[in-house]
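Please read the structure below before turning to the comments.
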Amino acid sequence: MKILIVGGAGYIGSHMVKSLLAAGHEIVVADNFSTGYRDALVGGQLAELDIANAAALDTLFNTQRIDVVFHFASYIQVGESVNEPGKYYANNLAATLTLLQAMERAGVRRFIFSSTAAVYGDPNYVPIDEAHPKAPINPYGRSKWMVEQILEDFDRAYGLKSVCLRYFNAAGADPDQQLGERHEPETHLIPLILQAASGRRSAITVFGRDYDTPDGTCIRDYVHVADLVAAHALALDYLQAGGASKAFNLGNGQGFSVQQVIDTARQVTGKTINVVDAPRRAGDPPRLVADAGLAHKVLGWQPQFASLDRIVGDAWAWELKHPWH
Ligand code: UDP
């Protein structure tokens, strides 16, 4: 198949490109390199464009016969989305709509979308299943939920079939260590802890020890990037087999506290990791854990790298291999 990967130079997108190339697909990457890296592209054709540019998209779809689009190109910082909502709605919502309209004009009717656990907001119960009310508490989560709703309407009106994959906490790195997580600035817990372990940072800051959890720190469900990528490949099979538009949670169903992640990183790295305590970060729910039963049942997804040791270990190998990032 010929697959367009939007945001293929980013963290999860670059791992996806590598995996789909290995599976023998023809890959076109669309990226504007606003947050991605040219050297994260391991192959495929590059279309350097911004998906806000409808004319550039039309040219792309008119010159390439694309079968399916994977969309990874979003801004992802919750705090920034609160302070700069326009930036989030412009890219994550409006530009995505421009992409969907260009697909419609070109008759491309398969779409796999990176969504997020942030669509649920502060959970009423955990583990969270897909039926949980959608009540996002920040512009980032709202922009993703709005796209999910647009996709329902596009299916009804145009027959666009989509899979929305609601990631919990994406983490880890390519088991071959060719690719890994590189955000600038980095805001995610595991890479920040490992930067403290390698000496690139003096300490990890823990945002809040007064949550209603066993050790007082927030609990999250960390899922390996290689397992996320595997779920996307299964979503592609599902759509190709005529599956209906659907949303799936992707997580391991196991929660780890911030303190447990730090303790695991100390064991895995054997390094001293200094900790500084700070107040809660705005908008952090105390506990986010996935019920991914639907993805297991319908997609046949079985995470292969579910242990936190493995997730942290692969991220650590990447941190050591690429200390300049
Ligand atoms: N966190 C932290 N210190 C940091 C970064 C994150 O204590 O420097 C906490 C954060 O408050 C949350 C958890 O780690 O409870 C995971 O945060 P991350 O930003 O990695 O992902 P999120 O859950 O926001 O998607």
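The values are calculated or read from the model by the stated rules, or taken from the named source; none is laboratory data. Keep in mind the model is a prediction, meaning the values are calculated, not measured. Here the Cβ positions follow ideal geometry from the backbone for every residue, glycine too, while neighbour counts run over all protein chains shown. Protein only, heavy atoms only, side chains kept; ligands, DNA and RNA dropped before computing areas. Shrake-Rupley method; radii C 1.70, N 1.55, O 1.52, S 1.80 Å.
Measuring between alpha carbons in the structure, the pairs from K2/K87; K18/K144; K144/K246; K18/K321 lying more than 22 angstrom apart are K2/K87; K18/K144.
The calculated 222 nm mean residue ellipticity attributable to helices in the chain amounts to -11000 deg cm²/dmol, summing -39500 (n - 2.57) over DSSP H runs of n ≥ 4 and dividing by all residues. P(r) tail for the range 1-150: Cα pairs beyond 20 Å make up 49% of the total. Accessible surface for E184 stands near 150 Å², nearest 10, in the context of the full protein assembly shown (1.4 Å probe). Label positions at K2 and S34, each projected 7 Å from the Cα along the C-beta direction, are separated by 2.7 nm. Counting Cα-Cα pairs of the range 44-119 in 10 Å increments starting at 0 gives whole-percent bin shares of 17, 49, 26, 8. For the pair Q254 and A55, the difference between a 0.36 nm per residue extended length and the Cα-Cα distance amounts to 67.2 nm. Where does helix 139-158 land angle-wise versus the long Cα axis of the chain, in degrees 0 to 90, nearest 10? For 139-158 against the chain, the angle is about 30 degrees. Computed with every protein chain present, the accessible area of H188 is close to 60 Å² [probe 1.4 Å]. Helix 11-22 and the long axis of the chain differ in direction by around 60°, with both axes built from C-alpha atoms.
Take the chain with all the other protein chains still there, run a 1.4 Å probe, and you get 41 Å² of accessible area per residue. As a fraction of the 1.4 Å probe accessible area of the chain, surface on carbon and sulfur atoms comes out at 50 percent. Taking 0.692 mPa s as the viscosity and 37 °C as the temperature, the Stokes-Einstein diffusion coefficient of the range 183-261 based on its alpha-carbon Kirkwood radius rounds to 215 µm²/s. A Förster radius of 45 Å combined with the Cβ-Cβ distance from L294 to N274 puts the calculated FRET efficiency at roughly 0.65. The GNM of the chain, with springs linking C-alpha atoms under 10 angstrom apart, assigns the highest mean-square fluctuation among Y158, Y238, Y75 to Y158.
Principal axis extents of the Cα atoms in the chain, from largest to smallest and rounded to whole angstrom, are 55, 41, 38.
Within the listed set I273, I112, I12, the residue fluctuating most in the Gaussian network model of the chain (springs between alpha-carbon atoms under 10 angstrom) is I273. Projecting the Cα atoms of L99, A118, G79 onto the charge dipole of the chain (Cβ charges, centred on the Cα centre) puts L99 farthest toward the positive pole.
Once all protein chains are placed together, K246 keeps about 80 Å² accessible to a 1.4 angstrom probe.
Residues whose amide H comes within less than 5 Å of that of R280, counting only those at least five positions distant or on another chain, are G208 (H built at 1.01 Å from N in the peptide plane).
Applying 1/(1 + (r/R0)^6) with R0 = 30 Å to the Cβ-Cβ distance of A282 and S202 gives a FRET efficiency near 0.80.
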